[in-house]
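The values are calculated or read from the model by the stated rules, or taken from the named source; none is laboratory data. This one's a predicted model, so the numbers in the text were calculated from it and none came from an experiment. As a convention, Cβ positions derive from the backbone with ideal geometry for all residues, glycine included, and neighbour counts pool all protein chains shown. Keep in mind that these areas ignore ligands, DNA and RNA; they rest on the heavy atoms of the full protein, side chains included. Shrake-Rupley method; radii C 1.70, N 1.55, O 1.52, S 1.80 Å.
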Amino acid sequence: MFRSPFSGFRNFHQSASLLHGHIHKPNPGEELHITFITKDGSQFTYEVAEGDNILDIAQAYNLDMEGACGGSCACSTCHIIVDPEFYDEIPEPDDDENDMLDLAFGLTETSRLGCQVKMTKELDGIRVALPAMTRNLQSRDFNN
Ligand code: FES
């Protein structure tokens, strides 16, 4: 289901069980954490389940990630910038993802497509920045 990034409101305490996206409720004790840095520099941290992808998580929480192709690796509107600390923990992008990343605005060395990155235990605590702020994003933006 497509969610307008401009609908709804942001709430730090929103529960995944209240959402209508494709994400799963994590089992007690198995929660993984992801922090999104939005284009205005705000940070939002969520508890998520292993196996959910970053596009679905962002859309479930009404963050500004378009996902125009619905997660089929045929656009670059789910472009994210990954905290360099976590980048190497993500499996390498395949050729399709690399092709689409080449089209992404503001490509960086730690760019990925959100729909192709699934949460794993290794990614617990990952931070990702959303594309609208990619122009000026530096490694130091993750150092706070
Ligand atoms: Fe289109 Fe990820 S939503 S490539």
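For this structure, a couple of remarks:
- Peptides 53-60, 68-75, 92-99, 117-124 ordered by packing proxy, namely the average of other Cβ atoms within 10 Å per residue, highest first: 53-60, 117-124, 68-75, 92-99.
- In region 27-107, chymotrypsin sites (Phe, Trp or Tyr not before Pro) in a DSSP loop with at most 15 other beta-carbon atoms within 10 Å: Phe105
- At a probe radius of 1.4 angstrom, the accessible area of region 64-133 per residue rounds to 48 square angstrom.
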